[in-house]
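Accompanying notes for the structure given below.
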Amino acid sequence: MEGRIHSLESFGTVDGPGVRFVVFVQGCPMRCAYCHNPDTWAMTGGTMMKPEEIIEQYKRNESFYKGGGITVTGGEPLMQIDFVTELFTLAKSMNIHTCLDTSGIAFNRSNAPLLEKFDKLMTVTDLVMLDIKHIDPEKHLELTSQHNENILDFCKYLDEKNVDMWIRHVVVPGLTDDDVYLDRLGYFIGQFKNLKALDVLPYHTMGEKKYESLGMTYKLHGVPAMDKTTVIEKKKVILEGIKRRRAEQV
């Protein structure tokens, strides 16, 4: 089996625990306003690669990945779920830590054949880094052109499967920085036993030039980068929501 690969990164340090070999797959149905990789959206293109080829490249620098492993990101990895499953199965046979960096957009519990594929993938996935764009359904739709119902259900599914989960949230001025919604996000994720970490990331404008080079309109033109000090305060709001939810469960 082959997958459509956008690019590979040999020494990723923000894509899961430790130093990691990062696989960027091609194709994504999300249209996030702040996406800095719009060149990964198309479901066509990319370089066709077999799992064995990726593992071979990982092996070249294996000594650097002690405490790390392989992360598949995108694009959206779950659009190529069969390929990712085959890659992770091969990786686990070699005791390589596997991390899935996803938006969760492809999850659909009501689709039995698809759910079976998810069940299979989860048996060879050590960690899921899940990017929740917005907790509010309408604002999520405005921000990404996609609904968030299945994404939030994916959180519950991961908890049911006891797969470790890291939540990521990008704080964008005027779009995702409202304390009411941040508290709701914290309260929602606070119910899950498998929640292992929370990354709250400041919005940056570095992707704007890429849109210009691709002849694309950047939806957030004029929106300033988020101040890193403010992000620390916003993370506290989410953590308070988590704490409140967990106190209720005691």
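Taking (1) assigned to a helix (DSSP H, G or I); (2) crowded, with 16+ Cβ neighbours inside 10 Å; (3) not aliphatic (A, V, I, L, M) in turn, GLU160 satisfies each apart from (2). Considered as a group, the residues in the stretch 1-10 that are surrounded by fewer than 18 Cβ atoms within 10 Å (Cβ to Cβ), outside any loop (DSSP other than H, G, I, E, B) and not hydrophobic (A, V, I, L, M, F, W, C) include one that is modelled with the lowest pLDDT, and that residue is SER10. Whenever a residue of the stretch 43-65 is within 27 Å of ARG31 (Cβ to Cβ), its partners that are surrounded by fewer than 16 Cβ atoms within 10 Å (Cβ to Cβ) and charged (D, E, K, R), lying with C-beta atoms within less than 8 angstrom and at least six residues away or across chains, give the pairs MET48/GLU2; MET49/GLU2. If only residues of the stretch 163-217 that are touching a residue at least 40 places away in the same chain (Cβ under 8 Å) and among the β-branched types (Val, Ile, Thr) are counted, the one that is nearest to ALA247 (Cα to Cα) is ILE189. Please state which one of ILE242, ILE189 is over 19 Å from the mean Cα position of the chain (by Cα) and crowded, with 16+ Cβ neighbours inside 10 Å. After ruling out the rest, the residue left standing is ILE242.
Once the stretch 224-239 is narrowed to residues that are aliphatic (A, V, I, L, M) and touching a residue at least 60 places away in the same chain (Cβ under 8 Å), the residue that is surrounded by the most Cβ atoms within 10 Å (Cβ to Cβ) is ILE238.
Filtering the stretch 210-223 to residues that are exposed (fewer than 15 other Cβ atoms within 10 Å of the Cβ) and in a helix (DSSP H, G or I) leaves GLU212, SER213. Can you go through ILE167, ILE151 and tell me which one is in a strand (DSSP E or B), under 18 Å from the mean Cα position of the chain (by Cα) and surrounded by 19 or more Cβ atoms within 10 Å (Cβ to Cβ)? Result: ILE167 is the single residue among ILE167, ILE151 that is in a strand (DSSP E or B), under 18 Å from the mean Cα position of the chain (by Cα) and surrounded by 19 or more Cβ atoms within 10 Å (Cβ to Cβ). Within the stretch 176-194, the residues that satisfy the criterion of being touching a helix residue (DSSP H, G or I) at 6+ places or on another chain (Cβ under 7 Å) and over 19 Å from GLU149 (Cα atoms) are ASP177, ASP179, LYS193, ASN194.
On the given criteria, is VAL128 part of a helix (DSSP H, G or I) and among the β-branched types (Val, Ile, Thr)? Here the answer is no, as VAL128 does not meet what is asked.
If you check THR47, THR13 for being in contact with a strand residue (DSSP E or B) (Cβ under 9 Å, 6 or more places away or on another chain), loosely packed, with under 14 Cβ neighbours inside 10 Å and modelled with pLDDT of 95 or more, only one passes: THR47. Residues that are hydroxyl-bearing (Ser, Thr, Tyr), within 23 Å of LEU152 (Cβ to Cβ) and touching a Cys at 6+ places or on another chain (Cβ under 9 Å) number at least 1 in the following strands (runs of 3 or more DSSP E) confined to the stretch 15-107: 69-73.
Selection of the stretch 66-75 for residues being under 12 Å from PHE24 (Cα atoms), touching a helix residue (DSSP H, G or I) at 6+ places or on another chain (Cβ under 8 Å) and modelled with pLDDT of 95 or more yields ILE70, VAL72. The residues in the stretch 168-209 that are of a type in the set (A, V, I, L, M) and within 23 Å of PRO17 (Cα to Cα) can be counted, and the count is 8.
The values are calculated or read from the model by the stated rules, or taken from the named source; none is laboratory data. Bear in mind the structure is a predicted one, so any value in this text is a computation, not a measurement. All Cβ positions, glycine included, derive from the backbone under ideal geometry; neighbour counts span all protein chains shown.
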